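J.: Just passing along the structure, written as structure tokens.
The values are calculated or read from the model by the stated rules, or taken from the named source; none is laboratory data. Since we're looking at a predicted model, the values are computed, not measured. Positions of Cβ are backbone-derived with ideal geometry, glycine not excepted, and every protein chain shown enters the neighbour counts.
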Amino acid sequence: MLAACLGDSRGEIAYHVAVDGSDENSGSKAQAFRSVTRAQEAVRKLSREKPGGSVTVIIHPGTYRLEEPLTFTPADSGTAEAPVTYRAAKTGKAILSGGMRIGGWKKKGKLWQTTIDQVQQGNLYFHHLFVNGRRARLAVMPNKFYLRTAGPIRPLGDHQKARRDQSTKQGFRFREGDFQRWNNPDDVFIELYHSWTTSLHWIKEVNLEKRIVRFTNPSHWPVSYWEKFERYRVRNCFEALDSPGEWYLDRKSGTLSYWPLPGQNMKQAEVIAPRLTDLVVFQGEPEKGRFVRHLRLVGLSFQHEDWDFDRQFVVDGQRIQPAVQIAGQGLRVRPKHP
């Protein structure tokens, strides 16, 4: 099976993908596939049966929801003379989405709420929410500017020695009233601002009497290394949901709460929650000298991706592995066996 030829002297082949297509189709423009993964299968088959020709997958306007990351292996490679290209059609936007639509909203005071079964069952938890194409703000305190620590848990002393002492990186003293007994403290995390990086921390212990918070994971820098009273914000607790445009997801009950912006109608709004932390993966086999080569992604929009980190390890802008940083744009490069 070959799709319609693009018609140049190099004999390039084109497969088409459209939101109203079917994966039972041939992949021609008139009989487009429905999914990008079906087109990928066709490209692989063509490469085995008729190697050496350029192949283009043309993805027509619309949103294509990915059930799993679009994974490219050495089998998807082209050559320098005959690359493989996945590109958006010349008109409209082709969106590869890692999200799902959320409905069933009910008004409760100033908030709108819905229950997500996958969250309630422990199969899903997300850190982003998109309402009418805009990223909503995860509940945060304070809403403007920052809180300030009351200093390190104990004096740092020599700063260079402190850098080698993990105990200086595991928490801080806070000012009276800045912490409280939150309903779901396991979900809460702290954004701690250093000189030019931001680290994320989950809470191991809060001592309200001594006004000390301890982290599950260390920071890269000792707390108070750059300034005695460091800036920080607290995110992801229901108690911080106090402004339009903010949201919170209760992990235990599966209840998603959102405070609409002025003019937003939650009965008509498009609300998307991400299900995937990777949208595109380039999965080579470097131990065998096999890589993904001469494959191009052109003009595609990658949307609705989530993040997730191990709560025991350093999560800092300077220390996160490059693959994770790329993942923030929907792409990840990793070997076959990470």
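J.: Tell me, yes or no, whether region 45-52 has at least one residue that is at pLDDT 95 or above, in a loop (DSSP other than H, G, I, E, B) and either under 28 Å from the mean Cα position of the chain (by Cα) or not assigned by TED's automatic domain parsing to the domain that holds R135 (or both).
T.: no
J.: Whether any residue in region 57-76 is hydroxyl-bearing (S, T, Y) and either at pLDDT below 95 or over 29 Å from the mean Cα position of the chain (by Cα) (or both) is what I want to check.
T.: No.
J.: Filtering region 131-184 down to residues that are touching a residue at least 24 places away in the same chain (Cβ under 8 Å) and of a type in the set (S, T, Y), which residue is nearest to G103 (Cα to Cα)?
T.: This residue is Y146.
J.: Now for a separate question. Read through the list (1) over 16 Å from P218 (Cα atoms); (2) part of a loop (DSSP other than H, G, I, E, B), then give the number of the only condition that Q160 fails.
T.: So Q160 meets the others, but not (2).
J.: Hey, can you tell me all the residues within region 158-177 that are over 23 Å from F313 (Cα atoms) and in contact with a Ser or Thr (Cβ under 9 Å, 6 or more places away or on another chain)?
T.: Within region 158-177, just R175 meets the criteria.
J.: State all residues of region 269-290 that are under 25 Å from the mean Cα position of the chain (by Cα) and part of a loop (DSSP other than H, G, I, E, B); if no residue qualifies, say none.
T.: Hits for region 269-290 are A269, E270, R275, L276, T277, D278, L279.
J.: Would you say P51 is within 19 Å of V298 (Cα to Cα) and not hydroxyl-bearing (S, T, Y)?
T.: Answer is no for this residue.
J.: If you don't mind, another one. Under the condition of being outside any loop (DSSP other than H, G, I, E, B) and over 28 Å from the mean Cα position of the chain (by Cα), which residue from region 10-28 is modelled with the lowest pLDDT?
T.: Restricting to residues being outside any loop (DSSP other than H, G, I, E, B) and over 28 Å from the mean Cα position of the chain (by Cα), the top hit is I13.
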